[in-house]
Amino acid sequence: MTKKYDIIWADKVDSTNEEARRRMKDFDNLSVLSAKEQTAGRGQRGNRWSSTAGENLTFSIILKFGAGLPSAIQLPAVPASRQAAISEAAALAVRELLYQKGIYAMIKWPNDIYVEDKKICGILIEHSLKGHFLDWSIVGIGLNVNQTQFPASLPNPTSMLAETGLEYDLPSCLEEFCEIFVSCIHLYLDSNDGYDKLRSMYLPFMWRKDEAYDYLDNVTGICFRGIIRGVSDIGLLMVENEEGEIREYGFKEISYL
Ligand code: BTN
């Protein structure tokens, strides 16, 4: 069987996303760099990602788009305007892995994974463009697996062990995740109607969708009660306000309260 992905384990790096970016030329398409320990794990909005060494999965998947790469799997060209598809596929793959372990998780747009009101996984994706298409992407995933003691500064963390009482083998979980992720990539990026299929899979798992909650519009500074209605074609969050108008927000333009 042709190899679909290549998992490389490192004992310690600053951040698997940073290491992947520095060594981009060394990596084939669908290489997965996983670290037992990160000394400067990066989170969204410039935050740190905290993870106790050896207890969780912290890894980055390197995707290289376009033809002519030596990998067994060739990714199709993805327009820059469709980059949200990578984030949606990654979030769906994590959700599916958790579901297979008996953990029912939802996706907090764009790609945090929540079990009820507790965060179990964060995803940090970085893209490089060539013209109007993606050249490469680094999909960095921090999945809390066996950690049960968390720093008090983290708002509401959880882990697979905390949810099920079971301890997990990290390399096996990573293999299982990679299988699911590669099949998501195939299902969604390789077919004509793939982006639509992906969106229709993603929407039912959106955290807080179709329910009223408070949000902060970071552009106007105004707090408002709104209802998440979905995601636009280019991946913006669609929120209905109390007047029944739907506005679209980029990642930095809205905060959940
Ligand atoms: C978030 O803030 O929710 C995103 C967290 C992403 C953490 C992962 S761990 C592996 C990869 N390397 C990093 O430095 N960050 C991502």
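The values are calculated or read from the model by the stated rules, or taken from the named source; none is laboratory data. No experiment lies behind these values; they were computed from the predicted model shown. Note that we place each Cβ from the backbone using ideal geometry, even for glycine, and neighbour counts take in every protein chain shown.
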Quiz item: Yes or no: Tyr114 surrounded by fewer than 19 Cβ atoms within 10 Å (Cβ to Cβ) and away from the ligand (no atom under 16 Å from the Cβ)?
Solution: no
Self-check item: Where Ser60 falls short, out of the listed (1) surrounded by fewer than 24 Cβ atoms within 10 Å (Cβ to Cβ); (2) of a type outside the set (Asp, Glu); (3) touching a strand residue (DSSP E or B) at 6+ places or on another chain (Cβ under 6 Å)
Solution: (1)
Quiz item: Which of the residues spanning segment 234-257 are loosely packed, with under 12 Cβ neighbours inside 10 Å and either in contact (Cβ under 8 Å) with a residue 12 or more places away in the chain or in contact with a strand residue (DSSP E or B) (Cβ under 6 Å, 6 or more places away or on another chain) (or both)?
Solution: Glu242, Lys252, Leu257
Quiz item: Name the residues in segment 79-108 that are within 12 Å of the ligand (Cβ to nearest atom) and either farther than 19 Å from Ile180 by Cα or at pLDDT below 95 (or both), would you?
Solution: Lys108
Quiz item: Of Glu253, Glu245, Glu240, Glu211, which residue is touching a Gly at 6+ places or on another chain (Cβ under 8 Å) and among the acidic types (Asp, Glu)?
Solution: Glu240
Exercise. Take the residues in segment 34-48 that are within 16 Å of the chain's Cα centre (by Cα) and crowded, with 19+ Cβ neighbours inside 10 Å, then tell me which one is farthest from the ligand (Cβ to nearest atom).
Key: Ser34
Practice problem: Only residues that are in a strand (DSSP E or B) and either away from the ligand (no atom under 12 Å from the Cβ) or in contact with a Leu (Cβ under 6 Å, 6 or more places away or on another chain) (or both): list them for segment 117-134, please. | Solution: Lys118, Cys121, His127, Ser128, Leu129, Lys130, Phe133, Leu134
Quiz item: Does Val145 meet the test of being of a type in the set (Val, Ile, Thr), touching a residue at least 24 places away in the same chain (Cβ under 8 Å) and part of a loop (DSSP other than H, G, I, E, B)?
Solution: yes
Quiz item: Residues of segment 12-45 being among the basic types (Lys, Arg), closer than 15 Å to Glu126 by Cα and in contact with a helix residue (DSSP H, G or I) (Cβ under 9 Å, 6 or more places away or on another chain), which ones?
Solution: Arg42, Arg45
Self-check item: Residue in segment 164-175 that is touching a Pro at 6+ places or on another chain (Cβ under 9 Å) and at pLDDT 95 or above present
Solution: no
Quiz item: Out of the residues in segment 215-233 that are over 22 Å from Leu198 (Cβ atoms) and touching a Ser or Thr at 6+ places or on another chain (Cβ under 9 Å), which is surrounded by the most Cβ atoms within 10 Å (Cβ to Cβ)?
Solution: Tyr215
